[in-house]
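Colleague: What follows is a structure written as structure tokens; I'll ask about it next.
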Amino acid sequence: YRAALAVRPAHTGAHNNLGRLLLARAALVEAEAEFGAALRARPDSADALYNLGRVFVAAGRPEKAVEPWRRAVALRPDSLTFVLDLAWTLATTPAVADPPEALRLAEEAVRSTRGTNPVALDVLAAAYAADRQWATAVRTARRALERAVALGNTALAADIRERLDRYQAGAASA
């Protein structure tokens, strides 16, 4: 990618791809710089906006991911990954909590996947929990767990089980 950038310094794709490589190597400062360069070259790059948000999450600053992710979703509302990551952050990050927006995004994601995607269901359950709709969070998490198990995704199923326990505790105390 550096060779391509030597020839075309404003090549958005090369900056974005180099940034992804650096992010994978946990070189967060350098990755952020590459995504910034991609966005200076093309401010409407949904991929660069999304990846910039991923840098913030990796750096332990998920609240900073919201603004670029909102822009990425506005540019590519059909990206399930963009929508779910934004909804998850709005549901689970207290500094930027927005349960109504998280619910709206997650409900649309579940609709678009016809209720079959366990990640979308998991995010929707988290959004219900953020909105203190504990019983609905429990039901939705159970559906997410069933789908994860059916698909053989044991890691996701284990994560959902942990969250389901918290939602059930919330429901019991409500």
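The values are calculated or read from the model by the stated rules, or taken from the named source; none is laboratory data. From a predicted model like this one, the values you see are computed outputs, not experimental measurements. Note that we place each Cβ from the backbone using ideal geometry, even for glycine, and neighbour counts take in every protein chain shown. Heads up: the accessible areas ignore ligands, DNA and RNA and are worked out on the full protein's heavy atoms, side chains in. Shrake-Rupley method; radii C 1.70, N 1.55, O 1.52, S 1.80 Å.
Colleague: For D122, state whether it is among the acidic types (D, E), under 30 Å from L21 (Cα atoms), surrounded by 15 or more Cβ atoms within 10 Å (Cβ to Cβ) and in contact (Cβ under 8 Å) with a residue 12 or more places away in the chain.
Modeller: Yes.
Colleague: Hey, among the residues in the stretch 5-41 that are basic (K, R) and surrounded by fewer than 17 Cβ atoms within 10 Å (Cβ to Cβ), which one's nearest to D98 (Cα to Cα)?
Modeller: Across the stretch 5-41, the extreme among qualifying residues is R40.
Colleague: Hey, another quick one. Scan the stretch 135-154 for residues that are open to solvent by 50 Å² or more (accessible area, probe 1.4 Å) and not small (G, A, S) and jot them down.
Modeller: R139, R142, R143, E146, R147, V149, L151, N153, T154, listed by residue number.
Colleague: List the pairs whose first member sits in the stretch 155-170 and is farther than 11 Å from A141 by Cα and touching a residue at least 40 places away in the same chain (Cβ under 8 Å), whose second member is open to solvent by less than 30 Å² (accessible area, probe 1.4 Å) and of a type outside the set (S, T, N, Q), and whose Cβ atoms are under 9 Å apart, counting only residues at least 6 apart or on separate chains?
Modeller: Pairs that qualify, where the first residue is farther than 11 Å from A141 by Cα and touching a residue at least 40 places away in the same chain (Cβ under 8 Å) and the partner is open to solvent by less than 30 Å² (accessible area, probe 1.4 Å) and of a type outside the set (S, T, N, Q), are G170/A129; G170/A137; G170/V138.
Colleague: Here's something else I'd like to know. Take residues that are more than 25 Å from R104 (Cβ to Cβ) and modelled with pLDDT of 95 or more and tell me which of the helices (runs of 4 or more DSSP H) falling wholly in the stretch 4-78 contain 1 or more. Full working, then the answer.
Modeller: Numbers: elements: 12-24, 28-41, 46-58, 66-75.
Qualifying helices (runs of 4 or more DSSP H): 12-24, 28-41, 46-58.
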